[in-house]
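Participant: The structure's right below; bear with me while I get my questions together.
Each reported figure results from applying straightforward, stated rules to the coordinates on display, with no laboratory input. Keep in mind that this is a model prediction, so the values were computed, not measured. Note that we place each Cβ from the backbone using ideal geometry, even for glycine, and neighbour counts take in every protein chain shown.
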Amino acid sequence: MAAHLRLGVFKFASCDGCQLQLLDAQGKLLEIARHLDIAHFPEARSAVGEGPYDIGLVEGSITTPADAERIQEIRRQCRYLVTIGACATSGGIQALRNWGQIDSFVSAVYATPAFISTLATSTPIADHVPVDFELRGCPIDVRQLVELITSFVLGRKPRVPSTSVCVECKARGTVCVAVAQGIPCLGPVTQAGCGAICPAHGRECFGCFGPSEPANLVSLTGQYERQGTPPEQLIRLTRSFNAQSPAFRAESDRLEGASHE
């Protein structure tokens, strides 16, 4: 029997794109809407319902001391906590700050740096509290989001693909850009979910859905280097939407270290 659940949606450092995906999915969610009480979703409604919540969807990364405290309270209020999008699951594009000096960034951007309270890093939610499920993507896929919410209502495990983007390329009949055009592509080491949009338009996969399991980046980037791709290009490719994810970070750091030898 389907359950009736209270849903809370929370935002941290992000562009709001994953929350907009939830709004875009409203037509698909109508069929299960009677089983959901959207109690907290400031992006969509002004009324705010207090916790506790059965499901908490969290978008965004932790970048300030206040955020680090707030996520602890949200975790206490949620029976299940789900991170949605690259920012929440791996730190997002803003995690590029992790390779720089935060003081220099703040002084270059803000007229009065002393007013800015920020952390030196941008980190995923799972670095701060236990997370029950991750929904990856930049942004997340609407179909996966509907599947996730449906699975909670029905009390079963979400059916999210664990294959690589290469499988999606094959499924839609897209010619491999790495083989046919020699374009360095992260498709072989990136989790499926986007529908292989970029390769279908003759572009490389940028790893929007994070590393697949397993992800042999050393072998892949080594092949691209042997084909003549400069290490700097591969570093930029792996330091993108999921730069802070362990597999991508380890490989980009290795490439950077090797280029300085």
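Participant: Which of SER14, SER151 comes first, and how do the rest follow, when ranked by fewest Cβ neighbours within 10 Å? Walk me through the intermediate numbers first.
Facilitator: Values: SER14 23, SER151 15.
Final ranking by Cβ density, sparse to dense: SER151, SER14.
Participant: Using the crude model of +1 on Lys and Arg Cβ and -1 on Asp and Glu Cβ, and no other charge, please compute the dipole size for the chain relative to its Cα centre, in debye to 20. Could you put the intermediate results ahead of the total?
Facilitator: Numbers: 23 positive and 26 negative charges, 122 e Å.
Once rounded to the nearest 20, the dipole reads 580 debye.
Participant: Compute the acute angle (0 to 90°) between the alpha-carbon long axis of helix 246-259 and the principal axis of greatest extent of the alpha-carbon atoms of the chain; round to the nearest 10°.
Facilitator: Long axis of 246-259 versus the principal axis of the chain: about 30 degrees.
Participant: Which semi-axis lengths, in whole Å and largest first, follow from the square roots of five times the eigenvalues of the Cα gyration tensor of the stretch 5-154? Walk me through the intermediate numbers first.
Facilitator: Values: eigenvalues 173, 47, 38 Å².
Gyration-tensor ellipsoid for the stretch 5-154: 29, 15, 14 Å.
Participant: Using DSSP to call loops (not H, G, I, E or B), can you name the trypsin sites (Lys or Arg not before Pro) in the stretch 1-63 whose Cβ has at most 13 other Cβ atoms within 10 angstrom?
Facilitator: ARG45
Participant: Can I ask one more? Per the Debye formula with a single identical scatterer at each Cα and no solvent contribution, what log10 I(q)/I(0) holds for the chain at q = 0.07, 0.13, 0.14, 0.16 Å⁻¹?
Facilitator: Calculated log10 I(q)/I(0) at the listed q: -0.27, -0.88, -1.00, -1.20.
Participant: So, in nm, how far is label ARG236 from label ARG203 when the simple model puts each one 7 Å beyond its Cα toward the Cβ?
Facilitator: Between ARG236 and ARG203, the simple spin-label model gives 1.4 nm.
Participant: What are the trypsin sites (Lys or Arg not before Pro) within the stretch 162-204 that DSSP puts in a loop, where the Cβ has at most 16 other Cβ atoms within 10 Å?
Facilitator: Details: sites: LYS170, ARG172, ARG203; in loops: ARG172, ARG203.
Listed in order of number, the matching sites are ARG172, ARG203.
Participant: Ok, one more. Rg (Å, one decimal) plus Dmax (Å, integer) for the alpha carbons of the stretch 1-60?
Facilitator: That works out to 11.6, 37 Å for Rg and Dmax.
Participant: Sort all Cα-Cα distances of the stretch 165-259 into consecutive 10 angstrom bins from zero, then give the percent of pairs in each bin up to the one containing the longest distance.
Facilitator: 18, 53, 27, 2
Participant: At R0 = 30 Å, how high is the FRET efficiency between ARG70 and GLN101 if r is their beta carbon distance? Nearest 0.05 is fine.
Facilitator: On the way: r = 26 Å, r/R0 = 0.86.
Once the sixth-power term is evaluated, E becomes 0.70.
Participant: Report the gain in length on full extension from HIS35 to SER219: 0.36 nm times residue separation, minus Cα-Cα distance, nm rounded to one decimal. Working shown, then result.
Facilitator: On the way: separation 184, 0.36 × 184 = 66.24 nm, distance 4.67 nm.
Gain in length upon complete extension: 61.6 nm.
Participant: Along the Cα-to-C-beta direction of ILE116, a point sits 7 Å from the Cα; which residues of the stretch 1-41 have their amide N less than 19 Å from that point?
Facilitator: Under 19 Å, as judged by backbone N against the label point of ILE116, lie 12-15 of the stretch 1-41.
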